[in-house]
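Here is the structure we will look at, set down as structure tokens.
Bear in mind these aren't lab numbers, they're just calculated from the coordinates by the rules spelled out. All of these numbers come straight from a predicted model, not from anything done at the bench. FYI the Cβ positions are ideal-geometry reconstructions off the backbone, even for glycines, and counts take in every protein chain you see.
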Amino acid sequence: MVTRSAPSRLTAQKRARRAARGGASRSVPAPLLAPALIAVAFLLLPLAGLLIRAPWGHMAAALSGTDATQALTLSLWTASVSTGVSLVIGVPLAWVLALVTLPLVLPPVVGGVALLLAFSRVGLVGRYLDYWFGLTIPFTPLAVIMAETFVAMPFLIITVEGALRSADQGYEEAAATLGAKRMTVFRRVTVPLIAPSLGAGAVLCWARALGEFGATITFAGSFPGQTETMPIAVYYALETDPNAAIALSLVLLLVSVLVLVSLRDHWLRGGSVS
Amino acid sequence: MTGTGSDGLVVDAEVRRGEFTLTVALAARSGQVVGLLGPNGAGKSTLLSAVAGLTPVSSGRITLEGEVMDDADAGTFVEASERPVGFVFQNYRLFPYLTVAENVAFSPRARGMGKRAARAAAGYWLDRLGLAGLADRKPGQLSGGQAQRVALARALAGQPALLLLDEPLSALDAGTRLDVQAELKRHLADFTGPCLLVTHDPLEALVLADQLIVLESGRIVQEGSPAQVARQPATDYVAKLVGLNLYYGQADGSRVTLTAGGSFVVPDQGQHGEVLAAVRPSAIVVSTRRPDSGSARNTWPAKVTGLTLLSDRVRLDLDGQPPALVDVTPAAVAELSLSPGSQVWLSVKATELEVYTRGAQLHQPIITSPAPAGDGEPGSPGVQR
């Protein structure tokens, strides 16, 4: 005879919830709970530590001694520009081909070294930029943007590429029979269809660019107001003034959370179009 | 009459897709609705796809209003976006992120009309198809019948010279299908160009089409008027669709020797050689004792192998020489106490047998090589009607 466990208790509330969602019980299987809890603890404990150790009483004082505003401003606008650049050149790339995601697995510092080798004043390309146009890229905000783009763009590319691959070609065919040429089809059918993924990819890209450290410090250095982004400011503050580092980290955390929360409803929900 | 190639759609082409080859020669005149009937995988959708320019032909050519759309030999190909073709897809493929009005305005916009003019054009078609009240809805908020009309409006708004409909009613439930079908028939009557309508529903084909083409395994197996196809099916598939018994045999005057066994006495029309004989399931009489066989009556023994209730009658599946499907009343089933395994006698009057040759159903095959035919005009593949 088949063994059966005793019927479980199902309150009216739980019944209603399950009926609304449909299907059988979707609660987490017990054996998965332990590792899941460890992972949650690992992810949350550092944040908790940050909140507990924060110099709540003299926050203003802790921030004032640093270049917080400067660093934050720099971080915000460079991350935004690099997301913009990724959108402009990354989406067509995802469309044309589905690779060049190497920076995704490349350590950011290596990316910084690679950028330096290519664009420094004696680099492969940088030499000519300097010679012909007198343009020096390293250790400028432009270098920050390039470093952030290099590291963050692949996140946008893989999101968009996945969406393009799974998009229903039927709509593009329909558009063609309605007289739409290739570019019109892309603009008026393909892009709207993948818009949710495009948004999600842009947010992911922006968040990654905002937190970029390794490639930036290698390729762009850390001149306050020029190339010292928030993560770099946090890093240096930690050596000289731990309280300031914590305060800066909190600001960065706040910005990230704000962005994700504000965009969540628009972009990240299911990716359905209706 | 020989197709002149200057009027309507003329297809004389082959489309190869992996192992599958579609070979088709057909013509559709302006104002004519040609129904493409066939089982799944017969190549109906491939044919529409080729005509719309979504799939290039492998050999042969497609012309519309005398203009070459696709010519494999000459290497000419008009892109889908440049063809004056309206396509209503099986699941409509309405853009989910656009409103009904924007969907209908899509084609005028894409074909270069200004925003305001396109909106006006869309408004005209929405009015015409009774959709004005739904202009601001999204496709997700439409019923099946409404979505079907929006798809038709969207296709017509591009002012196509040719309309293609791929199973336009298959996504609808049975309740709304008849209404939408009647409506579609009205709108198709208003359309002045040729129209190709793919379906696997024989009733839909009989109601909507002026001319039927039956495709099986990538080939045309029969074409003719709906009445003709329904009366003289050329293949088992068509016979099953229209609900007839179909027998293949050799005729010799008034006697036809059947391939499936047995023979029939038929009215002598001087037939000799290979013929087809069709008979309605209700024309065959079932009895438990051997009936008196007159000279004009065929009788043979058979065994009941299955019974199916079809609304007001029962369809018997009978094994004999030849086998047959026979319709009787439920009362007759009770009176004769029929059940699987029952031995019965079947009889059918010679005059109930429709005897014809297969060649009459199918036009002479048209070779895709540019062999001059009919009046020999270069654009004419010489389709005989």
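Among the DSSP beta bridges whose two residues both lie in segment B:9-231, what percent are antiparallel, rounded to the nearest 5? Please report the intermediate quantities before stating the final value.
Values: 26 of 44 bridges.
Counting only bridges with both partners in segment B:9-231, antiparallel ones make up about 60 percent.
Sorting check: for B:301-310, B:60-69, which peptide has the highest mean count of neighbouring beta carbons within 10 Å, and how do the rest follow?
On the way: B:301-310: 14.3, B:60-69: 20.6.
Sorting B:301-310, B:60-69 by mean packing, highest first, produces B:60-69, B:301-310.
Taking H placed 1.01 Å from N in the peptide plane, check which residues at least 5 places from A:Ser120 or on another chain put their amide H under 5 Å from its amide H.
Result for A:Ser120 returns A:Gly126.
Please report how far the C-alpha centroid of segment B:266-294 lies from that of segment A:220-259, rounded to the nearest whole angstrom.
Cα centroid to Cα centroid, the span is 96 Å.
May I ask you to derive the relative contact order of segment A:62-268, considering only C-alpha pairs under 8 Å and at least 6 residues apart, and to give it as an integer percent?
Numbers: 277 pairs, mean separation 67.9, N = 207.
Contact order relative to length: 33 percent.
What helices does chain B hold that run 15 Å or longer along their axis, going by alpha-carbon atoms, with a Kyte-Doolittle average of 0.0 or more, using DSSP H for the helix calls? Don't jump to the answer; show the numbers that get you there.
Numbers: long enough: B:100-110 (16 Å, 0.25); B:115-128 (20 Å, -0.76); B:144-157 (20 Å, 0.29); B:174-190 (25 Å, -0.60).
Once both thresholds are applied, what remains is B:100-110, B:144-157.
Can you give me the relative contact order of segment B:150-267 as a percent, contacts being Cα pairs under 8 Å and 6 or more apart? Walk me through the intermediate numbers first.
Numbers: 116 pairs, mean separation 16.3, N = 118.
After rounding, I find 14 percent.
If neighbour count is taken as other Cβ atoms inside 10 Å, put B:Glu274, B:Glu223 in order from fewest to most. Write out the running numbers ahead of the final one.
Numbers: B:Glu274 14, B:Glu223 24.
Fewest to most other Cβ atoms nearby, the residues stand as B:Glu274, B:Glu223.
Can you work out the Karplus-derived ³J(HN,Hα) for every residue in segment B:10-24? Use 6.51 cos²θ - 1.76 cosθ + 1.60 with θ = phi - 60°, whole Hz, and x for glycine or proline.
After applying 6.51 cos²θ - 1.76 cosθ + 1.60, I find 10, 10, 8, 7, 10, 10, 9, 9, x, 7, 7, 10, 9, 10, 9 Hz.
Just need log10 I(q)/I(0) for segment B:243-360 at q = 0.12 Å⁻¹, Debye formula, equal scatterers on the alpha-carbon atoms, no solvent, rounded to two decimals.
-0.42
List the residues, sorted by chain then number, that are 5 or more residues from B:Gln211 or on another chain and whose placed amide H is less than 5 Å from its amide H.
Distant-sequence amide H within range of B:Gln211: B:Val33, B:Gly35.
Quick check on chain B: helices-only [θ] at 222 nm, where DSSP H runs of length 4 and up contribute -39,500 (n - 2.57) each and the sum goes over total residues. Nearest 500, please.
Working: 9 runs with 91 residues, N = 385.
Rounded to the nearest 500, the figure is -7000 deg cm²/dmol.
Between B:Ala189 and B:Thr288, what length in nm is gained on full extension when 0.36 nm per residue of separation is reduced by their alpha carbon distance? Intermediate values should be presented prior to the final figure.
Numbers: separation 99, 0.36 × 99 = 35.64 nm, distance 5.09 nm.
This chain segment gains 30.5 nm when fully extended.
In straight Cα distance, which lysines are under 20 Å from B:Lys115, not counting same-chain residues fewer than 8 positions off?
A:Lys181, B:Lys138
Rounded to the nearest 20 debye, what is the charge dipole size of chain B about its Cα centre when +1 sits on each Lys and Arg Cβ and -1 on each Asp and Glu Cβ? Don't skip to the answer; put the middle values down first.
Numbers: 34 positive and 39 negative charges, 181 e Å.
With only Lys, Arg, Asp and Glu charged at Cβ, the dipole is about 860 debye.
By average Cβ neighbour count within 10 Å, what is the ranking of B:135-143, B:117-125, A:74-82 from highest down?
Values: B:135-143: 15.7, B:117-125: 18.9, A:74-82: 21.1.
The densest-packed peptide leads the list: A:74-82, B:117-125, B:135-143.
If contacts are Cα pairs under 8 angstrom and at least 6 residues apart, what is the relative contact order of segment B:28-138 in percent?
Details: 93 pairs, mean separation 17.2, N = 111.
In percent, rounded to a whole number, it is 15.
Counting other beta carbons within 10 Å of each residue's own, what order do B:Phe95, A:Phe155 fall into, fewest first? Intermediate values should be presented prior to the final figure.
Working: B:Phe95 21, A:Phe155 25.
Final ranking by Cβ density, sparse to dense: B:Phe95, A:Phe155.
Just the Cα atoms of segment B:9-231: what Rg and Dmax do they give in Å?
17.2, 52
Putting +1 on Lys and Arg Cβ atoms and -1 on Asp and Glu Cβ atoms, find which of B:Leu47, B:His187, B:Ala205 reaches farthest to the positive end of the dipole of chain B.
Result: B:His187.
Calculate the dipole size of segment B:226-339 relative to its Cα centre from +1 charges on Lys and Arg beta carbons and -1 charges on Asp and Glu beta carbons; express the result in debye to the nearest 20. Before the final figure, lay out each step's value.
Values: 10 positive and 10 negative charges, 28 e Å.
For segment B:226-339, the charge dipole is close to 140 debye.
Cβ under 13 Å from B:Trp125's Cβ, B:Trp125 left aside: what net charge do those residues give with Lys, Arg +1 and Asp, Glu -1?
Working: positive: B:Arg119, B:Arg128, B:Arg149, B:Arg154; negative: B:Glu102, B:Asp127, B:Asp190.
Value of the local net charge: +1.
For a test of the definition: using alpha carbon positions, the gyration tensor, and the 1.5 limit on a/c, classify chain B as rounded, prolate or oblate. Can you show the working numbers first?
Working: a/c = 3.03, a/b = 1.64, b/c = 1.85.
Here chain B falls in the oblate category.
Using the Cα centre of chain B as origin and beta-carbon charges of +1 (Lys, Arg) and -1 (Asp, Glu), tell me which of B:Leu178, B:Val304, B:Gly8 is placed farthest towards the positive end of the dipole.
Highest projection toward the positive end goes to B:Leu178.
Across peptide A:183-194, how many C-beta atoms of other chains are within 10 Å of each residue C-beta, on average? Let's see the in-between values first.
Details: counts 0, 5, 2, 0, 0, 7, 5, 0, 1, 4, 3, 0.
Other-chain Cβ atoms within 10 Å of each residue's Cβ, averaged: 2.
Only Lys, Arg, Asp and Glu count, each charged at its Cβ (+1, +1, -1, -1), so figure out the dipole size of segment B:134-281 about its Cα centre, rounded to 20 debye. Intermediate values should be presented prior to the final figure.
Numbers: 12 positive and 16 negative charges, 59 e Å.
Here segment B:134-281 has a charge dipole of around 280 debye.
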